[in-house]
1. Any residue at all in region 260-274 that's assigned by TED's automatic domain parsing to the domain that holds Lys293, near the ligand (Cβ under 7 Å from one of its atoms), in contact (Cβ under 8 Å) with a residue 24 or more places away in the chain and over 18 Å from Ala292 (Cβ atoms)?
2. Would you kindly identify the helices (runs of 4 or more DSSP H) lying entirely within region 143-244 that contain at least 3 residues that are at pLDDT 95 or above and touching a helix residue (DSSP H, G or I) at 6+ places or on another chain (Cβ under 6 Å)?
3. Condition first: buried (at least 17 other Cβ atoms within 10 Å of the Cβ) and within 13 Å of the ligand (Cβ to nearest atom). Can you find one or more residues in region 159-166 that meet it?
4. Suppose we filter Gly207, Gly233 for residues that are closer than 19 Å to Asn282 by Cβ, of a type outside the set (D, E, K, R), crowded, with 19+ Cβ neighbours inside 10 Å and free of Cβ contacts under 8 Å to residues at least 24 places away in the same chain; which single one remains?
5. Could you list all residues from region 51-110 that are among the small types (Gly, Ala, Ser), more than 11 Å from Tyr299 (Cα to Cα) and away from the ligand (no atom under 16 Å from the Cβ)?
6. Ala99: at negative phi, surrounded by fewer than 20 Cβ atoms within 10 Å (Cβ to Cβ), under 13 Å from the mean Cα position of the chain (by Cα) and at pLDDT 95 or above, yes or no?
7. Of these, Lys88, Lys26, Lys94, which one is more than 22 Å from the chain's Cα centre (by Cα) and not hydrophobic (A, V, I, L, M, F, W, C)?
8. Scan Asp211, Asp235 and give me the residue that is under 28 Å from Thr302 (Cβ atoms), more than 10 Å from the ligand (Cβ to nearest atom) and of a type outside the set (Ser, Thr, Tyr).
Amino acid sequence: MASNVHPQNVLDYHGTNTIFSVWNFKQLPAQQLKDAFEKVCALVINLNHSAAIRFPDNGASCVMGIGPMAWQIVGLPHPAPRELNDFKEIAGAKYTAVATRGDLHFHLRALNSSICYDMALEISKILSAVADPVEEVHGFRYWDGRSILGFVDGTENPQGDQRAYFGLIGDQEPAYKGGSYLFVQKYIHDLQAFKALPLEEQEKVFGRYRDSDVEMSDELKPSNSHSALANVGDDLKIIRDNMPFGNMSTNEMGTYFIAYASTFDTVNKMLINMFVGDPPGNYDRLLDFSTAKTGSLFYVPTLEMLDSMSSGDFTLSGAAPLGDTNVDASEVLNNKKTELVVELQSLGIGSLKS
Ligand code: HEM
């Protein structure tokens, strides 16, 4: 990668404490949204610099991703990153990977949760007037990196140099090189049902032994286990930074699935294998205990792009100029609604009433 391109902190490991948050822009004049967007781009750079100076050993960082609708609303240039489209839900015979809107995504990490809290607070000071916080999950490292279901999560992630290869966009998209595609899903687990399974059955769900974290042999691993279906080949990997979360009062125990990838296509292949199954019908047994409540795709710009976005002069060589900043955000939202109606009608599903 060229030395003048620096990714946000997408290649790091899971961390200890995290806050994941998603914000959706309100229907306000585009210029107002664009102003706030520029401020938040500058803030993200500031927060990372500040954390590095003040808490150098804390693994603190803030990574911001931009959703497809936000890309249009704040008038970023066309063509947008090639795969930055609304995530289309994947419906299997039994379970569905739902699609939900996400305009801006923040992934805050630190050893000390006070730092995550402070970063989240600064972000909300800028965004709360112009956007709605639609999701906030506080994730924590559970024992030795286990999901709340009790199995270590992340072992087969790419390591070392492989992380940049699989986690960052390369020469296939020169204008967006060094950035990443980011895909997130909030899963809620039926912990009671999972824990009621004998240990050997739990291990068959993942295709791994729980205590040793060792993978089952191919002869023993069930074809509907998570590791059999999520593994789509040694050349197709992603960086997973999942974190567990748990709330006793609402009985919401879950996993925040978060992946950075050089191409979204790899994530999509994994999702199809899990939800539709391979062969179709042989879906991921993990889904019998896990329900996807959200699903959104983002593009994570490099630090250099963030910097130029913060001053409103992010352009692409050979690309169309910045979008019309006088476009009202409601126009973008209404256009989306029209697109959806056309799509549904073409599928014979009827129409949406506005
Ligand atoms: C319910 C949420 C999920 C949980 C609790 C979970 C947990 C796990 C665990 C415990 C492993 C085995 C250890 C390892 O990390 O290598 C694993 C592997 C893996 N997961 Fe997930 N996962 C979830 C969702 C997903 C999703 C949505 C994807 C992809 C879209 C995915 C992709 C993978 C991949 C690629 C592997 C490595 C497979 C291999 O090469 O053996 N996971 N996951």
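1. Checked region 260-274: no residue is assigned by TED's automatic domain parsing to the domain that holds Lys293, near the ligand (Cβ under 7 Å from one of its atoms), in contact (Cβ under 8 Å) with a residue 24 or more places away in the chain and over 18 Å from Ala292 (Cβ atoms).
2. Answer list for region 143-244: 226-230.
3. yes
4. Gly207
5. Matches in region 51-110: Ala51, Ala52, Gly59, Ala60, Ser61, Gly75, Ala93, Ala110.
6. Taking the combined requirement at face value, the residue satisfies it.
7. Lys94
8. Being under 28 Å from Thr302 (Cβ atoms), more than 10 Å from the ligand (Cβ to nearest atom) and of a type outside the set (Ser, Thr, Tyr) holds for just one of Asp211, Asp235, which is Asp235.
The values are calculated or read from the model by the stated rules, or taken from the named source; none is laboratory data. Here the structure is a predicted model, which means the values were calculated and not measured. So basically every Cβ, Gly included, is an ideal-geometry build from the backbone, and we count neighbours across all protein chains shown.
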